[in-house]
Structure formats: C-alpha cells, structure tokens
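See structure below.
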Amino acid sequence: MDAVITQFFNVTIMASALPLVLRGLGMTLVVCVVVIPLGLTGGLLVALAMRVRLAVVRVVVAALIDFFRAVPPLVLLIFIHAGLPFAGIRPTAFVSVCLAFLLNNSAYYGEIYRAGIESIGRGQWDAARSTGLSAAQAAFYVVLPQAVRNVLPDLVSNTVEVVKLTSLASVVALPEMLYSADMARSLTYNASPIVLAACIYLVLLWPVVRLVSRMEHRVAH
Amino acid sequence: MQHSIFIDSFFKPEIIARYAPDILRAMLVTIEVALLVVVTGLALGLLLAVVRSFRFTPINALIVVYVDMFRALPPLVLVLLVYFGLPNVGINLPSGAVLWLVLSLVLGAFAEEIFWAGILSVRKGQWEAARSTGLGFGQTLAYVILPQAIRLTVPPLTNRTIAITKNTALGSVIGVPEILNVATTTESFLGNATPLTMGAIAYVALFVPVVLFGRWLETRFAWRRA
C-alpha cells in the first residue's frame, strides 16, 4: 500500500511537477480552442455537402467520411507528421495536430449533423422555401437550429472525445498536458505526475460526462 | 522525374515486397487485441449493467464512479499510467496485456452505460407483467428485459466498440507490435515513407468494412424500431 502511495500519489513529486503540467494544460486548452471550432465548422460543411443535388459530390463526401472514420486518429496524426516531410512539406507538431483533427473531427461531427438534419421532416424545408426563403436561408434559419437541438447530446459527447484525443498530440512531441506529465514521469521515475494530469482531465471532463449522461437518459425516455 | 521521386518515397515496390509479411503479421496482432478487447469489454459492461439493475446503492455508486472516470480519462493517459506505473509497485505486465486491460476497462465503462440506458428504456409494465406470471427477478431480467434492451443498444454500442478497437493503435506508444508500431519503426529504419503507406492501407482494409458494417446495422435496427 505504501509503495502504491509513493509511486502513484506522491504529493512532493506532484507539487514539483505542477508548474510543468499546468503549462501543458495551457497548451491542451490552446489546442482545444483551435480544433473544436475547426471540427464543428468542417463537420457542418460536410453535412451540407451531403445534401447537394450533384450525386458525385455526395458519393465522394460519403467515401471520405468513411475513410476518416476508419483510420484511427493516432494513425492519421503520425502519417501526417511523419509522412508529409517525404513529400517536401514539414508541418510543425501543432499544424500536424490541427490538420489531423480537422480531417477526423469533420467526419465525426459531419455524421452527427447529418443525423440531426435527417431528423427534421421534409415539410420544414418545404414550408420555409414556400415563404420565400432561399435554400441557404431555410438551412440556417429553420432546419439547422432544430437539427442541432435534436443532436445536442451527441455533439457534446463528441466534443468530450475531442478534448480527450488532444492527448495524442504528445506522441508528436507537442508539449500539451500528457507530454509534460510524461516528461516529469521519466525524470522522476515516478507515475505521480501522470496521476496529476489524470486528475486535471477528470476535473475538466467529469462534469461534462455527467451532463451528457443525463441528457442521453432524458432523450431515451 | 518528380513522379518517380513520389513513387520511391511512398510506394517503392521493393520495400512493399520485402516488408509485406511484417505488416501482415502486425495486422494479426491488431485483430487479436481488438477481438479480445471486444469480448472482455462487452462482457464486463453487460455484467456491470446487470449488477446495477439489482439497485444496491453502495455498489451502484462504485459502478457510476468507475464508468464516469473511464469515460472522462483519455485512454492514452491510462495506457501510460498502467504501463509505466505498475512495474514500480512490482507488477510487470507485457505491453500487449496492458493495452488489452486498459481498452477492455474503457469499453466496459462505455458499454455499461449503454446497456444500462437500454435496460431503463424497457417499460415498467414489462417488469410487472413478467413478475406477475411467476418469473423471478433474474428470470425476468434474462428472458424479458435484456432481449429487448440489447436490441435497442445495438447501434450506439457498435459505434462505440468500433471507436475503441481503433484505439489499438495506442499500443504503438508502448511497443505492442501492431500495425502502427511496425509501420513507424520500419519507416524510421529505412528512411522511407512506404511502410507508412502500407500501414495506412492495412488500417483501411481492416476498418472500412467494420465502419460499413456498423452503418448497415444502424439502418437495419433503426428501421425495425420504426
């Protein structure tokens, strides 16, 4: 028991790792602030592209969605970061992370928006158009507000997943929270800094997970 | 000229021929870990959901804490914590076992939540009707409630299971010889991106059918319910 406390819950080591881990938290938050709006916007474009009249566009977008849902995000990130230099492009770790997240998140958010849009009856489009709104106006003022409300639990729960996924950036040496904590771990030969980072993730995400859980149960009834 | 440089960096035929068996072996490791995780994770989730339906408050509180924690923590944090933490307290697990354990616990948490939502969504009248015909609590659960609950959980459970099996790629960080690990070590050994291309193709070959299968299940079960 003592060994567990000194190896995992060592307060002295946690205190000395705290500044480094907090700096990492700052980077994690910066990544979140960039990639979440990017993914939400990309997903919206993807979902709208699934509704254009040209069948070619729909087929291509659907294939891209399935491709980016099939490739694990870490694989995508590493292939971008390690593969692009062979094509003469050298993205920084931050750019690689943003690009990988844009591609992955647009596919996931896109599917959620699509489900939301499909949950709105054809009559809403027809009614909106018949009042003289253009297709774009009908989408933005009538259909999307209702669609987003219907899939809000999924959007929030996917956003939790995105925040968790930012930890993958540690693999390409972006100094976010897990990278910083793991650096402290390797310097101290002690797992407590990672426990500290885990606690910070819990403080950030536990309330949201609870919220999602309640929203989902309410929808289920 | 430009064209052949591109082929040489990303699709070099000699490298493809030489390292195809390695990538295939790595695919088997990925499949093996993924299947083990699916079996143990879903079993754990179902078991906990059944335990939760007995409604012992202290036990349910523990289940909720476990589920919330494993839904809130990034899996990579857990992988590193278990892999680097346990040896310090005298427990040495091979990296493959660590990956299996962590992903099973994560899938177990998500699956419990989904099965539990399924159980809750079966109407109270079903419980009462089953009990009034003389079935016990366990019989009601096993023969009446779960068959209906599980049907409702198929689409969300499939999506979650696919997402978590893709996390087998995290094993590359702790040296499990799965696809990503073999592709990146070969890539840095050769200084050529061809193994990365091969790895990407291996993932697409494995998971595109799975994603399509998930989509099919989703529409099929959605139609049945309507």
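Taking the Cα-to-Cβ direction at A:Ala63 and at B:Ile150 and moving 7 Å from each Cα, how far apart do the two end points lie in nm?
Going by the 7 Å Cα→Cβ label model, 3.8 nm.
Given a cut-off of under 8 Å on Cα pairs at least six residues apart, what relative contact order in percent is computed for segment A:2-220?
Working: 227 pairs, mean separation 70.4, N = 219.
32 percent.
So how tilted is helix A:11-49 from the main axis of chain A? Cα-based, degrees 0 to 90, rounded to 10.
Result, in degrees: 10.
For B:Phe56 and B:Arg131 in the same chain, what is the full-extension length gain: residue separation times 0.36 nm, less their Cα-Cα distance, in nm?
Numbers: separation 75, 0.36 × 75 = 27.00 nm, distance 1.96 nm.
Between B:Phe56 and B:Arg131, full extension yields an extra 25.0 nm.
Relative to the longest principal axis of chain A, what angle (0 to 90°, nearest 10) does the C-alpha long axis of helix A:93-118 take?
Taking the Cα atoms of chain A, the angle to A:93-118 is about 40 degrees.
Per-residue ellipticity at 222 nm for chain A, helices alone: DSSP H runs ≥ 4 residues times -39500 (n - 2.57), over residue total, nearest 500 deg cm²/dmol? The partial results should precede the final answer.
Working: 10 runs with 165 residues, N = 221.
Mean residue ellipticity at 222 nm (helix-derived): -25000 deg cm²/dmol.
Rounded, prolate or oblate: pick one for the protein assembly as shown, where a ≥ b ≥ c are the square roots of the eigenvalues of its C-alpha gyration tensor, a/c under 1.5 means rounded, and failing that, prolate if a/b is larger than b/c, else oblate. The partial results should precede the final answer.
Details: a/c = 1.56, a/b = 1.11, b/c = 1.41.
It comes out oblate by the Cα gyration axes.
Taking the Cα-to-Cβ direction at B:Thr185 and at B:Ala97 and moving 7 Å from each Cα, how far apart do the two end points lie in nm?
1.9 nm
Cut-off is 10 Å between beta-carbons; in what order do A:Met177, A:Met27 appear when sorted fewest neighbours first? Write down the numbers at each step before the final one.
Details: A:Met177 31, A:Met27 18.
Ordered from fewest to most neighbouring Cβ atoms within 10 Å, A:Met177, A:Met27 come out as A:Met27, A:Met177.
Report, ordered by chain and residue number, the aspartates and glutamates lying within cross-link reach of A:Lys164, taken as a straight Cα distance under 13 Å and ignoring same-chain residues fewer than 8 apart.
A:Glu176
What percent do you get for the relative contact order of segment B:13-225 when only Cα pairs under 8 Å and 6+ apart count?
Working: 216 pairs, mean separation 62.4, N = 213.
Taking the mean separation of contacting Cα pairs over the length of segment B:13-225, I get 29 percent.
Rank the residues B:Ser4, B:Ser53, A:Ser167, A:Ser186 as a footprinting-exposure proxy: fewest other Cβ atoms within 10 Å of their Cβ go first.
On the way: B:Ser4 8, B:Ser53 20, A:Ser167 28, A:Ser186 11.
By the 10 Å Cβ count, ascending: B:Ser4, A:Ser186, B:Ser53, A:Ser167.
Kindly put A:Glu216, B:Glu14 in sequence by how many other C-beta atoms sit within 10 Å of each C-beta, fewest to most.
Values: A:Glu216 17, B:Glu14 10.
The order, fewest Cβ neighbours first, is B:Glu14, A:Glu216.
No value in this document is a laboratory result; all are computed from the given coordinates. Bear in mind that the values here come from a model prediction, so they are computed numbers and not experimental data. We place every Cβ from the backbone using ideal geometry, glycine too, and count neighbours over all the protein chains shown.
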